[in-house]
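Single-structure report; data block below.
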Amino acid sequence: MKEGRPRSFYLLAIFFAAYVLFLYGPMIAIYVLSFQGPQGGLTFPMNGVSTYWLTKLFQGTGIVDLGASFRRSLLLGVIVMAVTVVLSVAAGMAFRRKFKMQSILFYSAIASLIVPSIITSLGISLEFRIIDDLIKAHWNENFETSMGLLTSGLGAHLTWTLPFGLLIMFAIFNRFDPRLEEAARDLGATPWQTFRYVVLPIILPSVIGIGLFGFTLSWDELARSSQAIGAVNTLPLDLQGLTTTVTNPDIYALGTIISAVSFAVITLALGTIHMLNKRQAAKGSDAGKGLV
Amino acid sequence: MDTSEDILQQASPDLVRGSETRRAAKSARLSPSLVSWLQAGPMMLVFLAFFLIPLVFVVIVSFWDYNEYQLLPAFSGRGYTDTFEGCIAQLPDLCTIGKTYLKTLKLCFLVWAITLFIGFWVAYFLAFHVKSKTWQMGLSLLCTIPFWTSNVIRMIAWIPLLGRNGLVNSGLMKTGLVNQPVEWLLFSEFSVVLALVHLFTFFMVVPIFNSMIRIDKSLIEAAYDAGASGFQTLVNVIIPLAKPGIVIGSIFVITIVMGDFITIGVMGGQQIAAAGKIIETRVNALQFPAAAANAVILLVITFLIITMMSRIVDIKKEL
């Protein structure tokens, strides 16, 4: 290979930079615009700089109860994250051996990922409607509904986060060395001890990655929630509702708040992953230290 | 392959502590197949309860009857006949559903072509031109972070740029290129395609990058040594080897756009009809069997596209 960069490098570097600008530019525009002055409108130029719209948001805009949606979305996101992590790690472990429903589970996950969200969402809503009708007909006439944030809503979000979790687990175990477990077994560790003290510490950074996917995908989820969430709204649903009615910058302020939570979670997760990787690099090996 | 040093590098400091307790080794072991069931069972149950059974309900309900208020659990093809109303009478003109699907397919094709072009070259740059692992990871992360933020926000982010008084229009007016604001920038097919490309190029970049990173660099050197030009290497070596990623990315993008109703709704100013949008409209009118019938049609078309594409590549082998 020639030394120095070929011309195609510079061409593609410019292309890549343009793509990154395309990705981030518009988002940055609305973060800036959410600090619009009280008289400011939906577009540039800025009409003074203030935190008027952000403050107004916290006082409540009067149209929708954003505080309640915020708490609901947060609660759902945390539960989805926890369930996604536990179920993905467990299923990921199962996939390292052959088992009977392996291909059914694999294809269910792939299908769940690529079947259009509106269809899954509609299906869940029909399922719960039919369950409701059955309960009303046979047990309790005054029954309201079994649909809700933590029943149909949780299920809808899991159909979206679990496939990602499972695929990440595949990627992890593709480059996992099974000899480490054999060594642990040879030294007398039980399966649980092998998992707890050998496998888990090694895969932990990636498991946090699954948690990050679980939370952020749920926090921003819209298409699957649309039909399946029941009577209440999550934050993204409120935001979508506002797009058709609002004519002042409070929609940007709301967008900025939602993004701030996303970025906080991303930073926290990436920071933890980085710390764990450093710790593993520093303490993971005692090679060259002689016999203890 | 891993050297033994790498393996030790990976090993945890807790390894030694775990080995101290030998007594537990004698405790009763569960049979391996039971362990697999316990591990994979919960996820399978979630897919069963919230994905597979709901799909069955969609198919069943699509054959039910309905009136203005409720579902009537009796066999009827009304969901389908309502959907295809006038399709034969209006021939040779296309009926509403035909036009809608044609438009959806057109959007789908545009978005697919653009995301494939951008995704391919972004992945190419990351895989072949960025040599340092740290930079590769940093730049990949830069492409991934927007994916973790809200889609709706990334849609409304275009308003200050493309709106009547947005940056693009005021720029055009100032330079004197146009006399009055360009109207088709926002709430149009243009803005829908732009937003879909903006949102979903990520789904193209990741699988293509994954395929490219696995290509043995010595193959490319061999091609150059054998006298191939850069273009020949690209067409005859890199593209065939990156094909699995291209197909997987294409499947993602196509299925997302086929079923999309949110981006098309928000960026199209709720004015553009699309396959996913019909379902939403029917649900809002409480016509569940008609919504389900449309969902079945969409599912069949999406399934046909995927089958066609997976003929080209074995998905399971590639993951």
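The values are calculated or read from the model by the stated rules, or taken from the named source; none is laboratory data. For clarity, every value in this text was computed on a predicted model and none was experimentally measured. Positions of Cβ are backbone-derived with ideal geometry, glycine not excepted, and every protein chain shown enters the neighbour counts.
Residue by residue through segment B:170-185, note down the ones that are more than 9 Å from every other protein chain (Cβ to nearest Cβ) and either in a helix (DSSP H, G or I) or touching a Ser or Thr at 6+ places or on another chain (Cβ under 6 Å) (or both).
Passing the criteria: B:GLY171, B:LEU172, B:MET173, B:LYS174, B:GLU183, B:TRP184, B:LEU185.
Taking the stated definitions as given, is B:ILE248 touching a residue at least 60 places away in the same chain (Cβ under 8 Å), out of contact with any Phe, Trp or Tyr (no Cβ under 7 Å at 6 or more places or on another chain), of a type in the set (A, V, I, L, M, F, W, C) and under 16 Å from B:PHE125 (Cα atoms)?
No; evaluated as a whole, the condition is false for this residue.
Examine segment B:186-200 for a residue that is at the interface with chain A (Cβ under 9 Å from one of its Cβ atoms), closer than 30 Å to A:ILE251 by Cα and either aromatic (Phe, Trp, Tyr) or surrounded by 17 or more Cβ atoms within 10 Å (Cβ to Cβ) (or both), and state whether such a residue exists.
Yes - at least one qualifying residue is present in segment B:186-200.
Would you call B:THR233 among the hydroxyl-bearing types (Ser, Thr, Tyr), within 10 Å of another protein chain (Cβ to nearest Cβ) and closer than 24 Å to B:ALA123 by Cα?
No: the conditions fail for B:THR233.
When the residues of segment B:68-82 are filtered to those that are within 14 Å of chain A (Cβ to nearest Cβ) and in contact with a helix residue (DSSP H, G or I) (Cβ under 6 Å, 6 or more places away or on another chain), which remaining residue is nearest to B:ALA292 (Cα to Cα)?
B:GLY79
Considering segment B:106-143 alone, what residues qualify as being free of Cβ contacts under 8 Å to residues at least 24 places away in the same chain and closer than 25 Å to B:ILE264 by Cα?
B:LYS106, B:PHE109, B:ALA113, B:PHE117
Collect the residues in segment B:129-163 that are among the aromatic types (Phe, Trp, Tyr) and out of contact with any Ser or Thr (no Cβ under 9 Å at 6 or more places or on another chain), keeping them in residue-number order.
B:TRP135
Would you say B:ILE262 is more than 20 Å from B:PRO54 (Cβ to Cβ) and within 7 Å of chain A (Cβ to nearest Cβ)?
no
Just one of A:ARG196, A:ARG179, A:ARG175 is of a type in the set (D, E, K, R), surrounded by fewer than 19 Cβ atoms within 10 Å (Cβ to Cβ) and at the interface with chain B (Cβ under 7 Å from one of its Cβ atoms); which is it?
Unique residue meeting the criteria: A:ARG179.
I'd like the residue in segment B:150-164 that is more than 7 Å from every other protein chain (Cβ to nearest Cβ) and touching a helix residue (DSSP H, G or I) at 6+ places or on another chain (Cβ under 6 Å) and, out of all such residues, is modelled with the highest pLDDT.
Among residues in segment B:150-164 that are more than 7 Å from every other protein chain (Cβ to nearest Cβ) and touching a helix residue (DSSP H, G or I) at 6+ places or on another chain (Cβ under 6 Å), the one modelled with the highest pLDDT is B:MET155.
Looking only at helices (runs of 4 or more DSSP H) that fall completely inside segment A:33-139, which ones have 3 or more residues that are facing chain B (nearest Cβ under 7 Å)?
Fully inside segment A:33-139 and qualifying: A:66-94, A:102-114, A:117-138.
Taking the conditions exactly as written (buried (at least 19 other Cβ atoms within 10 Å of the Cβ), within 22 Å of the chain's Cα centre (by Cα), within 30 Å of A:SER50 (Cα to Cα) and within 8 Å of chain B (Cβ to nearest Cβ)), does A:GLY155 satisfy them or not?
Judged against the criteria, A:GLY155 is not a match.
Please specify each residue of segment B:47-67 satisfying the condition of being farther than 29 Å from A:LEU149 by Cβ and either modelled with pLDDT under 90 or facing chain A (nearest Cβ under 9 Å) (or both).
Result: B:ASP65, B:ASN67.
Given the options A:ILE251, A:ILE257, A:ILE210, name the one that is under 30 Å from A:SER121 (Cα atoms), more than 9 Å from chain B (Cβ to nearest Cβ), surrounded by 21 or more Cβ atoms within 10 Å (Cβ to Cβ) and not basic (Lys, Arg).
Answer to the selection: A:ILE210.
When you check B:TYR101 against the structure, is it surrounded by 12 or more Cβ atoms within 10 Å (Cβ to Cβ), touching a Lys or Arg at 6+ places or on another chain (Cβ under 9 Å) and in contact (Cβ under 8 Å) with a residue 40 or more places away in the chain, yes or no?
no
One line per residue, one yes/no per condition, for (1) in contact with a strand residue (DSSP E or B) (Cβ under 9 Å, 6 or more places away or on another chain); (2) over 30 Å from B:ALA295 (Cβ atoms):
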| position | (1), (2) |
| --- | --- |
| A:SER50 | yes, yes |
| A:SER69 | no, no |
| A:LEU87 | no, no |
| A:ALA90 | no, yes |
| A:SER103 | no, no |
| A:ILE118 | no, no |
| A:ILE135 | no, no |
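Please determine, by comparing only the residues of segment A:140-152 that are closer than 25 Å to A:GLY92 by Cα and not aliphatic (A, V, I, L, M), which one is surrounded by the fewest Cβ atoms within 10 Å (Cβ to Cβ).
Going through the qualifying residues, I end up with A:THR151.
Looking at segment A:224-241, is at least one residue over 26 Å from A:VAL85 (Cα atoms) and either of a type in the set (S, T, N, Q) or touching an Asp or Glu at 6+ places or on another chain (Cβ under 7 Å) (or both)?
Within segment A:224-241 (the criterion being over 26 Å from A:VAL85 (Cα atoms) and either of a type in the set (S, T, N, Q) or touching an Asp or Glu at 6+ places or on another chain (Cβ under 7 Å) (or both)), the answer is yes, since at least one residue qualifies.
Might you check whether a residue that is within 11 Å of chain A (Cβ to nearest Cβ), assigned to a loop (DSSP other than H, G, I, E, B) and more than 21 Å from A:LEU222 (Cα to Cα) occurs anywhere in segment B:130-148?
Among the residues of segment B:130-148, at least one is within 11 Å of chain A (Cβ to nearest Cβ), assigned to a loop (DSSP other than H, G, I, E, B) and more than 21 Å from A:LEU222 (Cα to Cα), which makes the answer yes.
Considering every residue within segment B:83-97, establish whether at least one is in contact (Cβ under 8 Å) with a residue 24 or more places away in the chain, more than 8 Å from every other protein chain (Cβ to nearest Cβ), buried (at least 19 other Cβ atoms within 10 Å of the Cβ) and over 24 Å from the mean Cα position of the chain (by Cα).
yes
Tell me, please, whether a residue that is assigned to a helix (DSSP H, G or I), of a type in the set (A, V, I, L, M, F, W, C) and either in contact with a Leu (Cβ under 9 Å, 6 or more places away or on another chain) or away from chain B (no Cβ under 11 Å) (or both) can be found in segment A:142-152.
Among the residues of segment A:142-152, at least one is assigned to a helix (DSSP H, G or I), of a type in the set (A, V, I, L, M, F, W, C) and either in contact with a Leu (Cβ under 9 Å, 6 or more places away or on another chain) or away from chain B (no Cβ under 11 Å) (or both), which makes the answer yes.
Being surrounded by fewer than 18 Cβ atoms within 10 Å (Cβ to Cβ) and in a helix (DSSP H, G or I) is the filter here; which residues of segment B:238-278 pass it?
Of everything in segment B:238-278, those that are surrounded by fewer than 18 Cβ atoms within 10 Å (Cβ to Cβ) and in a helix (DSSP H, G or I) turn out to be B:ILE239, B:PRO240, B:LEU241, B:LYS243.
Scan A:LEU239, A:LEU217, A:LEU204 and give me the residue that is out of contact with any strand residue (DSSP E or B) (no Cβ under 9 Å at 6 or more places or on another chain) and either of a type in the set (Gly, Ala, Ser) or free of Cβ contacts under 8 Å to residues at least 60 places away in the same chain (or both).
A:LEU239
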